[in-house]
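Undergrad: Below is a structure I'd like to ask you about.
The values are calculated or read from the model by the stated rules, or taken from the named source; none is laboratory data. Just so you know, these numbers come straight off a predicted model, no measurement behind them. FYI the Cβ positions are ideal-geometry reconstructions off the backbone, even for glycines, and counts take in every protein chain you see.
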Amino acid sequence: MTRIRVMDEQLANQIAAGEVVERPASVVKELVENAVDAGSTTIDVSIEEGGLTLMKVTDNGGGISREDMETAFLRHATSKIATSSDLFRIASLGFRGEALSSIAAVSRLECVSADSDTGLARRLRIEGGVITADEPVNAPIGTSMSVSDLFYNTPARLKYMKSIPTELGHISDYMNRIALAHPGIAITLEHNGNVLLRTTGTGDRLQVIAAVYGRNTAKAMLKTEASDSDYTLTGYVSKPELTRANRNGITAIVNGRYIRSHSINGALLQAYHTLLPINRYPLAVLEIGMHPSLLDVNVHPSKMEVRFSKEVELRALLEKAVKEALHAQRYTPGMDTGR
Ligand code: ADP
Ligand code: MG
């Protein structure tokens, strides 16, 4: 008697969704990262009720061809990597081919996309992983993904959703970070019709800092830059007078990806050393570029953690650069900053 069988695609996708789609902000993250990977210069995100009822991401990127659209929603389907060696030189934000199939398995999704090669658009509706509508349409080049009723068919997960403000907070935080990471993309975030974030896409990161944190904060930032044979670092760090009660004001960006890194945080704090009051943290936006082979992003499905192959060197470069930025303004650790 055989009792073991391979689960069907729909069930497998629902299980994978448990890892990839934790909450509305995970959907926004995956859709926006796809928009970035598609080479978009504008990305508009519109949310209703903290994302619990609707999340819509519209981009003007390269689009999905009519022929590819169904495949895009299959698990492990990706245009971004093809061979295992590609895994060691990832230049895109996505590569796991899991997001669309996972999101579509636990929501009602509509995808409208026209690719830049043909200009031909197709609209696909998928509910709980099942295609319910499919037709050719007219649409501008780019992609629009609408996700409604997230977790409608996974009540256990739905039960864990927090309040609208909490879910919106996570979405807003992510949008701020991706905007800081990509000053060259014009990004908007709207919630229930109110604009919460708008960047212009000029490429000026200080303008994005002003849009996210306000003009006064932007004025209190110091530019920092450095490079060695492996890494380039550019960014802004706050004058020691401008501090926060936690590390949330630190945005680390590695090859265009917002990540969380104890290592980067540690090196940054080390550079300030005694300039910071106890239990206070600087604001910083640090972009670090490196050859993709020096970086392992395949650590966790959310891709928020990475591994650096030359971590010690990176930390040293960062610490030195930030110290120099502070020093140039006559801030020296151990000095009384008059606070
Ligand atoms: P991954 O991003 O890891 O490749 P996804 O499931 O997120 O996997 O997306 C599957 C594929 O669908 C992508 O590889 C890409 O080819 C296509 N795609 C998804 N979103 C977009 C978009 N906004 N614009 C263009 N292509 C997209
Ligand atoms: Mg993706």
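Undergrad: Part of a helix (DSSP H, G or I), within 16 Å of ligand 2 (Cβ to nearest atom) and farther than 18 Å from residue 200 by Cα: does that describe residue 30? First the steps, then the outcome.
TA: Working: part of a helix (DSSP H, G or I): yes; within 16 Å of ligand 2 (Cβ to nearest atom): yes; farther than 18 Å from residue 200 by Cα: yes.
Yes: the conditions hold for residue 30.
Undergrad: If I ask for residues that are of a type outside the set (Phe, Trp, Tyr), surrounded by 20 or more Cβ atoms within 10 Å (Cβ to Cβ) and within 15 Å of ligand 2 (Cβ to nearest atom), which ones from the range 57-74 would you list? Steps first, please.
TA: If we filter the range 57-74 for residues that are of a type outside the set (Phe, Trp, Tyr), which is where we start, we get 57-72, 74.
So of that shortlist, the ones also surrounded by 20 or more Cβ atoms within 10 Å (Cβ to Cβ) come out as 57-61, 63-64, 69, 72.
Within the range 57-74, 57, 59, 61, 63, 64, 69, 72 qualify.
Undergrad: Any residue in the range 77-88 that is farther than 30 Å from residue 293 by Cα and either surrounded by 14 or more Cβ atoms within 10 Å (Cβ to Cβ) or over 21 Å from the mean Cα position of the chain (by Cα) (or both)?
TA: no
Undergrad: What number of residues within the range 33-56 satisfy the criterion of being surrounded by 23 or more Cβ atoms within 10 Å (Cβ to Cβ) and within 16 Å of ligand 2 (Cβ to nearest atom)?
TA: Matching residues across the range 33-56 total 6.
Undergrad: Considering only residues of the range 258-285 that are in a helix (DSSP H, G or I) and among the hydroxyl-bearing types (Ser, Thr, Tyr), which is modelled with the lowest pLDDT? Quick ask: steps written out before the conclusion?
TA: Of the residues in the range 258-285, the ones in a helix (DSSP H, G or I) are 262-275.
Now drop any that are not among the hydroxyl-bearing types (Ser, Thr, Tyr), which leaves 263, 272, 274.
Numbers: 263: 94, 272: 96, 274: 90.
Restricting to residues being in a helix (DSSP H, G or I) and among the hydroxyl-bearing types (Ser, Thr, Tyr), the top hit is 274.
Undergrad: In the range 143-150, is there at least one residue being crowded, with 18+ Cβ neighbours inside 10 Å, of a type in the set (Gly, Ala, Ser) and over 18 Å from residue 17 (Cα atoms)? Full working, then the answer.
TA: If we filter the range 143-150 for residues that are crowded, with 18+ Cβ neighbours inside 10 Å, which is where we start, we get 143-147, 150.
Retained after the next criterion (residues that are of a type in the set (Gly, Ala, Ser)): 144, 146.
Then keep just the ones that are over 18 Å from residue 17 (Cα atoms); that gives 144.
Yes: the range 143-150 contains one or more residues that are crowded, with 18+ Cβ neighbours inside 10 Å, of a type in the set (Gly, Ala, Ser) and over 18 Å from residue 17 (Cα atoms).
Undergrad: Taking the options 113, 102, name whichever one is touching a strand residue (DSSP E or B) at 6+ places or on another chain (Cβ under 7 Å), crowded, with 22+ Cβ neighbours inside 10 Å, among the polar types (S, T, N, Q) and over 23 Å from residue 289 (Cβ atoms). Walk me through it before giving the result.
TA: On the way: 102 fails: touching a strand residue (DSSP E or B) at 6+ places or on another chain (Cβ under 7 Å).
Being touching a strand residue (DSSP E or B) at 6+ places or on another chain (Cβ under 7 Å), crowded, with 22+ Cβ neighbours inside 10 Å, among the polar types (S, T, N, Q) and over 23 Å from residue 289 (Cβ atoms) holds for just one of 113, 102, which is 113.
Undergrad: Let me ask something additional. Mind checking which residues of the range 4-51 are among the charged types (D, E, K, R) and within 16 Å of residue 176 (Cβ to Cβ)? Give the steps one after another, and end with the answer.
TA: Taking the range 4-51 as the starting set, the residues that turn out to be among the charged types (D, E, K, R) are 5, 8-9, 19, 22-23, 29-30, 33, 37, 44, 48-49.
Across the range 4-51, the qualifying residues are 29, 33, 44.
Undergrad: Check 101, 144 and return the single one that is away from ligand 2 (no atom under 14 Å from the Cβ), at pLDDT 95 or above, within 30 Å of residue 253 (Cα to Cα) and among the polar types (S, T, N, Q). Write out each step before concluding.
TA: On the way: 101 fails: away from ligand 2 (no atom under 14 Å from the Cβ).
Step by step, each of 101, 144 is checked, and only 144 is away from ligand 2 (no atom under 14 Å from the Cβ), at pLDDT 95 or above, within 30 Å of residue 253 (Cα to Cα) and among the polar types (S, T, N, Q).
Undergrad: Quick one: what pairs do we get from the range 130-157, first residue farther than 15 Å from residue 57 by Cα, second of a type in the set (Phe, Trp, Tyr), C-beta under 6 Å, 6+ apart or different chains?
TA: What qualifies is 157/151.
Undergrad: I've got another one for you. Given the structure, is residue 139 among the hydrophobic types (A, V, I, L, M, F, W, C) and touching a Phe, Trp or Tyr at 6+ places or on another chain (Cβ under 6 Å)?
TA: Numbers: among the hydrophobic types (A, V, I, L, M, F, W, C): yes; touching a Phe, Trp or Tyr at 6+ places or on another chain (Cβ under 6 Å): no.
Here the answer is no, as residue 139 does not meet what is asked.
Undergrad: Kindly check whether there is at least one residue in the range 6-24 that is farther than 24 Å from residue 153 by Cα and either in contact with a helix residue (DSSP H, G or I) (Cβ under 9 Å, 6 or more places away or on another chain) or outside any helix (DSSP H, G or I) (or both).
TA: Going residue by residue through the range 6-24, those that are farther than 24 Å from residue 153 by Cα are none.
No, the range 6-24 has no match at all.
Undergrad: To continue, here is another question. Of the conditions (1) among the acidic types (Asp, Glu); (2) within 16 Å of ligand 2 (Cβ to nearest atom); (3) in a strand (DSSP E or B), residue 86 satisfies every one except a single condition; which number is it?
TA: (3)
Undergrad: While we're here: From the list 16, 25, pick out the single residue that is in contact with a Lys or Arg (Cβ under 7 Å, 6 or more places away or on another chain) and of a type in the set (A, V, I, L, M, F, W, C). Walk me through how you get there before you give the answer.
TA: On the way: 25 fails: in contact with a Lys or Arg (Cβ under 7 Å, 6 or more places away or on another chain).
Testing whether each residue is in contact with a Lys or Arg (Cβ under 7 Å, 6 or more places away or on another chain) and of a type in the set (A, V, I, L, M, F, W, C) leaves just 16.
Undergrad: Give me a count of the residues in the range 220-257 that are among the polar types (S, T, N, Q) and in a loop (DSSP other than H, G, I, E, B). Step through it out loud before you land on a result.
TA: Step one: of the range 220-257, the residues among the polar types (S, T, N, Q) are 224, 227, 229, 232, 234, 238, 243, 246, 248, 251, 255.
Next cut, in a loop (DSSP other than H, G, I, E, B) only: 229, 246, 255.
Of the residues in the range 220-257, 3 are among the polar types (S, T, N, Q) and in a loop (DSSP other than H, G, I, E, B).
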